[in-house]
Structure formats: structure tokens, C-alpha cells
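Structure record follows, encoded as C-alpha cells.
Every read-out reported here was derived from the displayed coordinates using simple, explicitly stated rules and does not represent laboratory data. All figures in this text were calculated on a predicted structure; none of them were measured in a lab. Ideal geometry is used to build each Cβ from the backbone, glycine not excepted, and the neighbour counts take in all protein chains shown.
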Amino acid sequence: MRAKMSRPLGAAMLFCSSLASCASVDSLGVATPEEERTLISEAASASPNLQPGEKIKVTVFGEDRLSGEYEIDPGGSVSLPLAGTIKAAGLSQRELELALTKKFQGEYLRDPKVTVEVANFRPFYILGEVAKPGEYPFNFRRSLALAAKTAGHEVVLVSPAGPYAQRLPDLDLRWIPAPMERRSLNPLRELALLAWLWRLVRAERADVVHGFTIKCAVYGALAARLAGIARVGSVDGMGHVFISKKLSACALRALVRGLMRLAFGGANVRVVLLNRDDVAVFRRSGVAPMSRVRLIPGSGVDCQRFAPPATERRNGRKGRLCVVLAARMLWDKGVAEFVEAARILKREGRDLHFILAGAPDAGNPAAIPAQVLDEWRSAGFADWLGHVDDMPALLAAADIVALPSYYGEGLPKSLTEAAACGRPLVTTDLPGCRDVVTDGVDGLIVPARDAAALARAIARLQDDPKLAARLGEAARAKALAEYDERHIVARTFEVYRELVGERVAKWLYEPSTRPI
């Protein structure tokens, strides 16, 4: 009989940017046809069988002398007490079980019952990106991959090639390039990608496939379901397809919902959502039973890197106030309203410095042209910095952080990072944003698409430094309590434990992933 845990545990995390990946937007880094053929060939020929260096657990029921954990040596053999050396590499676990049963039968036992489990826990992360290749895995989910590695598990990362993804091996993380193109709507290409993922998760013998964002969560879950593997789908916000009123987005919406029902159906599956509004959407749509839905707020923040400067904590802030909007430069992020609020306040003679931090997302239909951003900068309304690598320094230099978004947010990382830095926040009363900010407690809430209301909220914080300080302190406390990346890792590990049991390490576990 096959052991209950017959494959090494893997958490396959399928990352990409946003729900817009389901529409014809944003290239994730395109493999050439020759590269794609090579990658698909490699995945097809990869062996799902045992390999040298792997650790296996052999259990012979009723005979403790023959049971134990062993490592397959470089020559592909494993040495067991009493049984001697037996060839293991190249066999499946079931084939090794049969070989050991035959070896023990007659010599030691009349009717031996043997099971073989692979002892290694192998998290398997498939990664995409936001606007730059590899940006999402490197900036949003790196802590989860490193935590799995720190816990002693083997980690495999898969993503389209790009400058961010190519930095992952520098962290001692194994990385495999993937033939993924986010803007593709070609059914044959998408089926080829799904087949590639299916072969790859089988070759890596994953026990859990974890996909992030809509397209990648769906593809990862479909590949896992076809392979008979447990799966987790994280939906990081409802994104462009679910908020856009364009005909193309509306047409895709029904297709996406149907694929989600298929991907998240069946047994041994969990869906992770980032905010309460998305939970309500899933409840109404019936995409997945609510008993399988878990609420985990975001990807987590390193609250040691993102913190108020020590000098500020001692002496307070002085000088000209700086207001920052950090996001992809999309109209849906409320960038135009932010600039209009700057225009209003500058006309009033207020001494404020407005900063836009983020790159345009060129393939996204809501992307703001670089020419417009340059014009705003030239007019003196807001300085556009483009992409910023050192976000802790930028947010530490800010006095107020605003995100007047009406995009389908999951849980805005710029807001949680700013909260960790003790910044007073101004955002909209929309999904994701209102999960981070409670009006008058740790920030201010304004109506979406209302530049005048945004201007008044910023002016209020400028005029009342004590209020701004109080809101910032409360935001920091909330970030420490809810968004610290260690808590997020612990909650995610617990989801894996629900599916595959004790083989996943506990990581500062706290019981906060209860059913919705």
C-alpha cells in the first residue's frame, strides 16, 4: 500500500502581478520559442523518481530493526540494516516499496508491509512579477521562501527570467526559468504552459502547490489537481478584470470565475484571501466552500527594516512636510487625484512636497504614460522618482503616505510598509485599503476619485501634528500586531499543515487562519 505522504512536501507558489494577468496586459518576461521548447523538453524528461542525496523514511510494520531514515548515496543506493545495499535512485517510491517487500519477504518476515516516504520537505515556488520581471517574488514573497529554507526545507523557485528573478540564487535559493507570458491569450500557448507546470510539479514531487494572484493561482491549482496534489490559491486582490467596465474585461470575468471554480474545486484545497471584501465576493460567487477559505492579511512586512528613524522618535520631525504616493503608476491607483490634491494645496500656499514613487506598468491598460508623469514633475506639482529600491528610506523620509486607490487591491503593501514606519496614512474606503486603515484611528479615509477630499485630509494632518503623530503611532502598533512578516509566514505554514500535516515546520505558529 502506498504511504499516506508519498511525495515530498512542496509549496508551489505561483506568483505574478495582479488579476490583470488574465487579460491582455503586462508581459511577465517572454521566453523565445527556442527557449520555450528547451524548457518544456526539460520538464517533460525530468524524472519524478528518487534521486541521489534524498532522504527516505522506511517503515516496516512490526519490525523496528528494519525501519528508520536513510539517505540515498551518490551512487544511487541505500544501505539498510540486515537488508544490506539496495538500488534506490531511478525508482518511484512505490517501486522501492515493492523491492524492499520482496527483499524482506521470506528472509525476515512472512508477509511484510513496507512504506517509503521521502523525508525532505520541498517548497516549490512558481514566481511571476508586477511591472518588472521577478519583482513580485523578490519584493513580496521572498520572506516566505527564505523562512521555508531557514526551517530546514528544500526550496525551489520558478519564474520568468528577469533582473529580479536572477537575484534569487544570490539568496541561495534554487531557481528555474519558466516559459510564461502574462499577456498571452493564445489557448494553445496557455495549454502548453499548463502542461509544462503539470510536468514540473510531478518532476519535483511537490505535495502542495501554492499559487499567487488570479492567473497563476488558477494555473497552479489546475496543474496540481491534474497531478493529484494538494493546492493553495492566494488571490492578491480582484484587480483589473473584476473592476474594469470594459467589454474585454467583462467577457473575461465569467471565464475566470469558471476556471476558479474548476481549480479550487474537489478535495484537499485552500483559498487564501487578503481582505474581508474579497471574502464576501467569494461567498456570493460560490467559487469555493467557505470552510476552505482563509484570511491572511498580505505578504508581510519586515518591521525591523521598515521602522521610524531613531532620531525622529527622540526629537520629532521638523521642516517641510513630505507627502508620498508609492505604487505602480496606474490611473486606478488614484495618481491623478493625488496630483490634483497637490495642485489644490499649493494654490493655498501650503508648503508641502509631493512625491510619486513607482514605475509605469507598460502593458496595463490603466498605465499612466511617462510623458504625463514628466509633465507633472515639470509643472512642480509632484516629483516623480520612478522605481525606488530603498523603500524603507523613502517612507522614513515621508511625513504622510497616501494611496487614493480605486484599483481592486488585495492588501496594499505600500500602506502596510508605511504603517510599519509609523506614517499617518490617507486612503480610500475601498477593499484592501479600508482593511489597513480605520478612519481616525490609524489614518484617514476619503472617498475614491475625490481630489478635494484628499486635499482636505492632507491639510488636516499638516495643521494638526499631534493628530498625525497619534495616527502614525497607532499605524505602527497595528503593523507589528497584524502585518509582521513572521506572523504571515506562520499563518501560511499553518495552511500547509492543514493539508499535509506535521511535516511542515511550525513557524511562530498562532491559530489565526481559522475558517471564515
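Please work out how much length the chain gains when fully extended from Ser67 to Ala481, using 0.36 nm per residue of separation minus the C-alpha to C-alpha distance, in nm with one decimal.
144.6 nm
Which of the pairs Lys246/Lys413; Lys57/Lys103; Lys413/Lys478; Lys246/Lys333; Lys215/Lys413 have their Cα atoms more than 23 Å apart in this structure?
Exceeds cut-off: Lys246/Lys413.
At 37 °C and a viscosity of 0.692 mPa s, what translational diffusion coefficient does Stokes-Einstein give for segment 278-381, taking Rh as the Kirkwood radius over Cα pairs? Give it in µm²/s as a whole number.
Value of D from the Cα-based Kirkwood radius: 187 µm²/s.
Can you give the extra length, in nm with one decimal, that the chain gains between Thr150 and Asp429 once fully stretched, where that is 0.36 nm per residue apart less the Cα-Cα distance?
Separation in residues times 0.36 nm, less the Cα-Cα distance, equals 96.6 nm.
Suppose the chain between Asp439 and Ser92 were pulled fully straight at 0.36 nm per residue; how much longer would it get relative to their current alpha carbon spacing?
119.2 nm
Could you check what % of the DSSP bridge pairs in segment 310-483 are antiparallel, to the nearest 5?
If we restrict to bridges inside segment 310-483, about 5 percent are antiparallel.
Report the net charge of residues surrounding Ser285, where surrounding means a beta-carbon distance below 12 angstrom and charges are Lys +1, Arg +1, Asp -1, Glu -1.
+4
Determine, for each peptide in 218-225, 372-379, 193-200, 446-453, the mean count of other beta carbons within 10 angstrom over its residues, then list the peptides with the highest first.
Ranked from most to least packed, the peptides come out as 218-225, 193-200, 446-453, 372-379.
Can you list the residues, at least 5 places off or on another chain, whose amide H is less than 5 Å from the amide H of Gly334, using H built in the peptide plane?
HN-HN under 5 Å from Gly334: Tyr406.
Taking +1 at the Cβ of each Lys and Arg and -1 at the Cβ of each Asp and Glu, which of Leu444, Ile344, Leu321 sits farthest along the dipole of segment 310-483 towards its positive end, judged by Cα position relative to the Cα centre?
Projecting each Cα onto the dipole axis, the largest value belongs to Leu321.
Bins of 10 Å, beginning at zero and ending with the bin holding the largest distance: percent of Cα pairs per bin for segment 310-483, please.
Calculated P(r), rounded to whole percents: 11, 42, 38, 9, 0.
Based on the mean of other beta carbon atoms within 10 Å per residue, what is the order of 227-234, 387-394, most packed first?
Ranking the peptides 227-234, 387-394 by packing returns 227-234, 387-394.
What's the local net charge at Glu69, with K and R +1, D and E -1, over the other residues with C-beta under 12 Å away?
-1
Among 168-176, 297-305, how do they line up from the highest to the lowest mean number of other beta-carbon atoms within 10 Å?
Descending packing order for the listed peptides: 297-305, 168-176.
Please give the net charge around Glu375, taking every other residue with its beta carbon less than 15 angstrom from that of Glu375, where Lys and Arg add +1 and Asp and Glu add -1.
Residues close to Glu375 contribute a combined charge of -1.
Relative contact order for segment 310-483: what is it in percent, counting Cα pairs under 8 Å that are at least 6 residues apart?
22 percent
May I ask what percent, to the nearest 5, of DSSP beta bridges between residues of segment 301-394 are antiparallel?
Of the beta bridges lying entirely in segment 301-394, close to 10 percent run antiparallel.
Spin-label point model (7 Å from Cα, Cβ direction): what's the Lys246 to Ser77 distance in nm?
Roughly 6.3 nm, to one decimal.
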